[in-house]
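The values are calculated or read from the model by the stated rules, or taken from the named source; none is laboratory data. Remember, it's a predicted structure, so these values are computed and weren't measured experimentally. When we count neighbours, we look across all protein chains shown, and the Cβ atoms used for this are built from the backbone with ideal geometry, even at glycine. Side chains are part of the model used for accessible areas, which takes the heavy atoms of the whole protein and leaves out ligands, DNA and RNA. Shrake-Rupley method; radii C 1.70, N 1.55, O 1.52, S 1.80 Å.
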Amino acid sequence: MTTLIAIIGLGVLCLIFEIFDFRKAIIPITIIGLLAILGLTVSEFNTTGNYYNNMLIVNKFSVSFSSLFIVLTIFLVALSHNFYENHKSKLSDYVAIKVFLLSGAVAMVTFGNLAMFFLGIEILSISLYVLAASSRMNVKSNEAGMKYFLMGSFASGIILFGICLIYGAMGSFDIVEISEMSQSAELPIWFPIGIVLVTIGMLFKIAAVPFHFWAPDVYEGSPALTTALMSTLAKVVAIATLYKLLTALHADINYSFQIVVVIVSIASMTVGNIMALRQANVKRMLAFSGISHAGFMLMTLLSLSTSAGNLLYYTSAYSLAGIAAFSVILYVCKNRENEDIVNFHGLGKTNPLLAAILTGSLLSMAGIPIFAGFFAKLVLFSQTIQSGYLIVVIFAVINSIISVGYYFKLILAMYTKEPNEVRKGKPFLIYAVAIIAIIFNVVLGMFPSLVLDLLA
């Protein structure tokens, strides 16, 4: 609970710094503040408690995912220094929005009441709408912001309708009370319908098939740093929230729900990978890659009672690889009209370090050892087989092999093509974020118990 208050206070502090023209101090102070909040959050790991009449619930699940969100936000704020160097007058706005977005993310995994859940998802969504359209002079950014706003509003409306049906069936927004009442033999028909509607809305936020159509255009049109945020933090928040929601409401997956999850998971993996093979734009390629990874993450819904640690590990591995990859993309494509693969030609010759980092992050996403992505998939596959869903694992393995095709298309472009242009300068924060993120990824690959045992 103190974590959420501290995050909001930090966001307000960013705005106050703008008033007193302390722009140079905004990013370092924000990073220091987030590190302090991370320490505060970790200190609550063994604490379990309810606050404000169960509006917020602190436990190992909420603390673990909140810590991950804070780490990702630190990386994204650090990358803001170079990305917004031509917009110094608006730096406080951009950083403050990211911090407030973090408060919504934390609320989404800490909620104990459906009202707090919806409040969190709206804070996160509105922040993303603004950031997607933040490049006002760019038509693609305007289109991305409008498309995401319209589609996101429909999804939020569906979620709100589902919450209303759950309330109509149970007479309460409190998830503890709803959980207790859901154990009764006879439930109003509105309760399962409400859960289905909330699940549909959250599948949109995750960009799972068939609710994925917005993702490629929005990812491509949004500023690259916003795309990095959507691809990592926003996606991880959505899947963690859906997992908590279904677990908290005791939505024990019956056979019909199992079939739906299996179909959506397989479809997301397959459609995402096949479409990614055709992309020449790196951001669109990673958008479809993210759709594929959403399918992998949905496999955790097939074993709600035992896969929280697996979900935390997979999301950590995926988001760290994504941060490392986008750090390199931000450097290579800065001040260029697009993020096409041609921009990466010869990067292995002109900048071997960043090329190696991007290669490592792509190999992690593909599931190649020694990176955490390989062990995340291995653990996830083992759990899914134990749950009796071998067919899903077979499709997952096939799709992992397919993904190697488009990841290696970018890797080969870096090492086999002649460079178009030699980039000058070595921005410290971009290098630092890229190096730290890929090191974290490798460490988690070598010592998976560091994360897996947290929610055991």
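If you check V264 against the conditions, is it aliphatic (A, V, I, L, M), in contact (Cβ under 8 Å) with a residue 40 or more places away in the chain and open to solvent by 10 Å² or more (accessible area, probe 1.4 Å)? Step through it out loud before you land on a result.
On the way: aliphatic (A, V, I, L, M): yes; in contact (Cβ under 8 Å) with a residue 40 or more places away in the chain: yes; open to solvent by 10 Å² or more (accessible area, probe 1.4 Å): yes.
So V264 fits the description; yes.
Being touching a Gly at 6+ places or on another chain (Cβ under 8 Å) and open to solvent by less than 40 Å² (accessible area, probe 1.4 Å) is the filter here, so list the residues in the stretch 55-87 that pass it. It would help to see each step written out before you state the result.
Within the stretch 55-87, the first condition is being touching a Gly at 6+ places or on another chain (Cβ under 8 Å), and the residues that meet it are 55-58.
L56, I57, V58 - these are the residues of the stretch 55-87 that are touching a Gly at 6+ places or on another chain (Cβ under 8 Å) and open to solvent by less than 40 Å² (accessible area, probe 1.4 Å).
Condition check ((1) over 29 Å from I266 (Cα atoms); (2) at pLDDT 90 or above) across all residues:
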site	(1), (2)
A169	yes, no
F173	yes, yes
S182	yes, no
M202	no, yes
V218	no, yes
T227	no, yes
S231	no, yes
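Can you find, within the stretch 1-36, the residue that is least open to solvent (accessible area, probe 1.4 Å) among those that are of a type outside the set (A, V, I, L, M, F, W, C) and in contact with a Phe, Trp or Tyr (Cβ under 8 Å, 6 or more places away or on another chain)? Don't jump to the end; show me each part of the working.
In the first step, residues of the stretch 1-36 are kept if they are of a type outside the set (A, V, I, L, M, F, W, C); the result is 2-3, 9, 11, 18, 21, 23-24, 28, 30, 33.
Checking the rest, the ones that are also in contact with a Phe, Trp or Tyr (Cβ under 8 Å, 6 or more places away or on another chain) come to 11, 23.
Details: G11: 0, R23: 78 Å².
The selected residue is G11.
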**Prompt:** Taking the stretch 271-302 as the search range and keeping residues that are surrounded by fewer than 19 Cβ atoms within 10 Å (Cβ to Cβ) and touching a residue at least 60 places away in the same chain (Cβ under 8 Å), which one is nearest to Y406 (Cα to Cα)?
**Reply:** L277
**Given (1) open to solvent by less than 50 Å² (accessible area, probe 1.4 Å); (2) at pLDDT below 90; (3) in contact with a Leu (Cβ under 9 Å, 6 or more places away or on another chain), number of the condition W190 does not satisfy** = (1)
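Without any contact (Cβ under 8 Å) to a residue 24 or more places away in the chain and assigned to a loop (DSSP other than H, G, I, E, B): which single residue out of S184, S134 fits that description?
Details: S134 fails: without any contact (Cβ under 8 Å) to a residue 24 or more places away in the chain.
Answer to the selection: S184.
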**Request:** Residue by residue through the stretch 249-261, note down the ones that are open to solvent by 20 Å² or more (accessible area, probe 1.4 Å) and either assigned to a helix (DSSP H, G or I) or without any contact (Cβ under 8 Å) to a residue 24 or more places away in the chain (or both).
**Result:** N254, Y255, S256, F257, Q258, I259, V260
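Quick grid of which residues meet (1) under 21 Å from the mean Cα position of the chain (by Cα); (2) touching a residue at least 60 places away in the same chain (Cβ under 8 Å); (3) closer than 18 Å to Y314 by Cβ:
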| position | (1), (2), (3) |
| --- | --- |
| L378 | yes, no, yes |
| T384 | no, yes, yes |
| I391 | no, yes, no |
| I402 | no, yes, no |
| L410 | no, yes, no |
| T416 | no, no, no |
| P419 | no, yes, no |
| I438 | yes, yes, yes |
| V451 | yes, yes, yes |
